[in-house]
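For reference, the structure discussed in these notes is given below.
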Amino acid sequence: MATETTTPFTPKVRVLRLLPTMVMALALPCAAASGQQAASRLIGTWRLVEFCTVDRPGDTTYSLGRHPIGFYIYDAAGNMSLQAMRATPLAAFTKDSVALSGMAEVRRSYYGYFGTYTVTSDSTLVHHVRGGTIPSYIGTDQRRNFRFRGDTLSLSEHEPWGCRQLVRAR
């Protein structure tokens, strides 16, 4: 017949059994505070200085040219808006009005969307898109990785890091 050995409940054993719970209880507020700190750094107007996409093989595409212009705006109430375009407009932008046939050219030269945002960690945010020039984005959540380096904010849809570089507008 097997005998069962029990460990007496001494104060030391109680503390050791509670230790994992205590560590988690302390870590969760730190993670939330880290996300809140990142959210407060995000608030403001950011000037676009580079806009490109890096695909999985590592090829880089500059869909708005090498020197795009635009702003990404995040406010304290959780609203966001972004506008981006080529610094040198294509032919369709040089006229007072754009013919229907020129709208495809406009779409390749300019884009923007607006909505709300949620910071989900110290390196991830979600744009909740309500409207904009990209029909497939409307009504969707667009997850973005982000990081800060000084006054530079980098955004990326996935790893490896894309090159959406913004600097805080002063």
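Tabulated data
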read-out	value
Complete set of residues in the range 123-143 that are outside any strand (DSSP E or B) and farther than 18 Å from Trp46 by Cα	Thr133, Ile134, Pro135, Ser136, Tyr137, Ile138, Gly139, Thr140
Pairs, first touching a residue at least 12 places away in the same chain (Cβ under 8 Å) and farther than 16 Å from Ala169 by Cβ in the range 62-85, second part of a loop (DSSP other than H, G, I, E, B) and among the aromatic types (Phe, Trp, Tyr), C-beta under 6 Å, six or more apart	Leu64/Phe51
Residues (exposed (fewer than 14 other Cβ atoms within 10 Å of the Cβ) and not in a loop (DSSP other than H, G, I, E, B)) located in the range 144-156	Arg147, Arg149
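Yes or no, residue by residue, for (1) more than 30 Å from Leu125 (Cβ to Cβ); (2) in a helix (DSSP H, G or I); (3) at pLDDT 95 or above:
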position	(1), (2), (3)
Ile73	no, no, yes
Ala76	no, no, yes
Ala87	no, no, no
Ser97	yes, no, no
Met103	yes, yes, no
Arg108	no, yes, no
Tyr111	no, no, no
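The values are calculated or read from the model by the stated rules, or taken from the named source; none is laboratory data. Since we're looking at a predicted model, the values are computed, not measured. Backbone-built Cβ (ideal geometry, glycine too); neighbour counts: all protein chains shown.
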